[in-house]
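**Q** Submitted below is the structure of interest, expressed as C-alpha cells.
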Amino acid sequence: LQSLFQEEIILNDISIDRSGRLWVAMSSGVYRIDADNKVVNVLSGIVANTICDTGDTHYIGTNSGVIALSNSVRDIRSHRLLSGVSVQTLFFDTVTRLLWVGTLNHGVQLVDTQKGCSVSSLPSVVSH
C-alpha cells in the first residue's frame, strides 16, 4: 500500500466488492483500489474504523456513526446512520439483512438495512 499512498498508512479494515475492487478503511478515509491499481478517494477527512459490503451498499464504521455508500457504478450516494456513535466493527446478516454494529460505549446496535433505521440494541456491559 505504501507505493499507492503518499501519506502515513493506518489500515483499519479491507473489503472486496463483487467487481473485485479493493476497498480500504483507513485513518484518513476510505479508498477504492481498482484492478489497474488506480486509487479512488471515496471519503476523506474521516477515521474509517471498519467497512462492510452487502453487495449493493458499503457500510463504513467511523468514530461518529455509520456511513452507507451505494455501490452504484454511476453514482456513489451516502447517508448516515447512528450519528454520534463510535463504531468499531460491522457484520451483515445476509438472511435477516440486519447490520450488526459493535460500538464503543453504546453496546451492539442492530440496523434494518432496508429501512435504514436502528431496530434494536444490546447494552454495553462494563464490569468494575
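**Q** Answer with yes or no whether SER127 is among the hydroxyl-bearing types (Ser, Thr, Tyr), modelled with pLDDT under 90 and part of a strand (DSSP E or B).
**A** Numbers: among the hydroxyl-bearing types (Ser, Thr, Tyr): yes; modelled with pLDDT under 90: yes; part of a strand (DSSP E or B): no.
No; evaluated as a whole, the condition is false for this residue.
**Q** Among the numbered conditions (1) more than 23 Å from ARG97 (Cα to Cα); (2) in contact with a strand residue (DSSP E or B) (Cβ under 7 Å, 6 or more places away or on another chain), tell me where GLU7 comes up short.
**A** (2)
**Q** Return yes or no: is VAL66 free of Cβ contacts under 8 Å to residues at least 12 places away in the same chain and in contact with a Phe, Trp or Tyr (Cβ under 9 Å, 6 or more places away or on another chain)?
**A** It is false that VAL66 is free of Cβ contacts under 8 Å to residues at least 12 places away in the same chain and in contact with a Phe, Trp or Tyr (Cβ under 9 Å, 6 or more places away or on another chain).
**Q** Here is a follow-up. Filter segment 32-56 down to residues that are at pLDDT below 95, open to solvent by 20 Å² or more (accessible area, probe 1.4 Å) and assigned to a strand (DSSP E or B) and give me whichever is farthest from ARG80 (Cα to Cα).
**A** My answer is VAL39.
**Q** Related question: Limited to segment 57-68, what total is found for residues that are open to solvent by less than 10 Å² (accessible area, probe 1.4 Å), closer than 13 Å to THR103 by Cα and small (Gly, Ala, Ser)?
**A** 2
**Q** Among the residues in segment 93-106, are any within 16 Å of HIS58 (Cβ to Cβ) and surrounded by fewer than 12 Cβ atoms within 10 Å (Cβ to Cβ)?
**A** yes
**Q** Further question on the same structure: Do you know which residues across segment 60-78 are of a type outside the set (Gly, Ala, Ser) and modelled with pLDDT under 65?
**A** Within segment 60-78, VAL73, ARG74, ASP75, ILE76, ARG77 qualify.
**Q** Before we move on, is LEU81 in contact with a strand residue (DSSP E or B) (Cβ under 7 Å, 6 or more places away or on another chain), modelled with pLDDT of 90 or more, surrounded by 13 or more Cβ atoms within 10 Å (Cβ to Cβ) and farther than 30 Å from GLN6 by Cα?
**A** no
**Q** Okay, next question. State all residues of segment 6-18 that are touching a residue at least 24 places away in the same chain (Cβ under 8 Å) and either out of contact with any Phe, Trp or Tyr (no Cβ under 9 Å at 6 or more places or on another chain) or open to solvent by 40 Å² or more (accessible area, probe 1.4 Å) (or both); if no residue qualifies, say none.
**A** We begin by selecting, within segment 6-18, every residue touching a residue at least 24 places away in the same chain (Cβ under 8 Å); these are 12-18.
Selection gives ASN12, ASP13, ILE14, ILE16, ARG18.
The values are calculated or read from the model by the stated rules, or taken from the named source; none is laboratory data. Since the model is a prediction, treat every value here as computed from it, not as a measurement. Methodologically, a virtual Cβ is constructed for each residue, glycine included, from the backbone with ideal geometry; neighbour enumeration extends over all protein chains shown. In case anyone asks, the SASA skips ligands and DNA or RNA and just uses the protein heavy atoms, side chains included. Shrake-Rupley method; radii C 1.70, N 1.55, O 1.52, S 1.80 Å.
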